[in-house]
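Contents: one structure, followed by commentary.
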Amino acid sequence: MEQSKNTIRKNVAISPGTRVHLRFTLRLPSGEEIDRTNIEGATFEVGDGSLLPGFERALFGMRAGTRETVRLAPRDAFGEGSDENVRRFKRTRFGANEDISVGMLYSFADGDRGELAGLVTEADDEMVTVDFNHPLAGREILFEVDILSVERVSNEIVRIV
């Protein structure tokens, strides 16, 4: 009976209503590694918010045993980036004794009192420019995946944005 159970799992394609166990590595086209799962991998349910929607969509149709590298455009990875996420602040906002330099990550409180990191892209005695876009916004990503198992957990249709 155990063998037929594994056979059934192998035949399930990734789609809404499935639980997926996988290993992945994210790379830039240059080959630079950005992130990876540990050797045990990770498990998620499609639509649970664990992966960005573009990463999930890239997995649709894959089955256990699939090993593939998917090239994701910026819009499907971390977004294009937006000039609206680049802000200029008066230098006085940072405190007189604070050392602010280009390339520094600075932490701000957002409207919900959460932490929001921004990258200092310009700084002089009067003004500081901070980019709040994701550091990988506008970058193409290689998503290397190894699908370990897929199982159907629900027949409910979940809309993936």
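Taken as a whole, region 85-96 holds no residue that is closer than 25 Å to ILE34 by Cα, modelled with pLDDT under 95 and touching a Leu at 6+ places or on another chain (Cβ under 7 Å).
The strands (runs of 3 or more DSSP E) located wholly in region 23-140 that include 3 or more residues which are touching a residue at least 60 places away in the same chain (Cβ under 8 Å) occupy 67-72.
May I ask you to verify whether ARG57 is under 30 Å from ALA13 (Cα atoms), surrounded by fewer than 13 Cβ atoms within 10 Å (Cβ to Cβ) and in the same structural domain as ARG27 (by TED's automatic domain parsing)? Talk me through it step by step, then tell me what you get.
Details: under 30 Å from ALA13 (Cα atoms): yes; surrounded by fewer than 13 Cβ atoms within 10 Å (Cβ to Cβ): no; in the same structural domain as ARG27 (by TED's automatic domain parsing): yes.
No: the conditions fail for ARG57.
Residues in region 76-125 that are loosely packed, with under 12 Cβ neighbours inside 10 Å, basic (Lys, Arg) and closer than 19 Å to GLY138 by Cβ: none.
Conditions (1) at pLDDT 95 or above; (2) more than 29 Å from PHE55 (Cα to Cα); (3) of a type in the set (Ser, Thr, Tyr); (4) outside the structural domain of ALA13 (by TED's automatic domain parsing), marked per residue:
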| site | (1), (2), (3), (4) |
| --- | --- |
| PHE108 | no, no, no, yes |
| ASP112 | no, no, no, yes |
| GLU115 | no, no, no, yes |
| GLY118 | no, no, no, yes |
| ASP124 | no, yes, no, yes |
| ASP146 | yes, no, no, no |
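The values are calculated or read from the model by the stated rules, or taken from the named source; none is laboratory data. This one's a predicted model, so the numbers in the text were calculated from it and none came from an experiment. Counting neighbours? That spans all protein chains shown, and the Cβs are built from the backbone with ideal geometry, glycine included.
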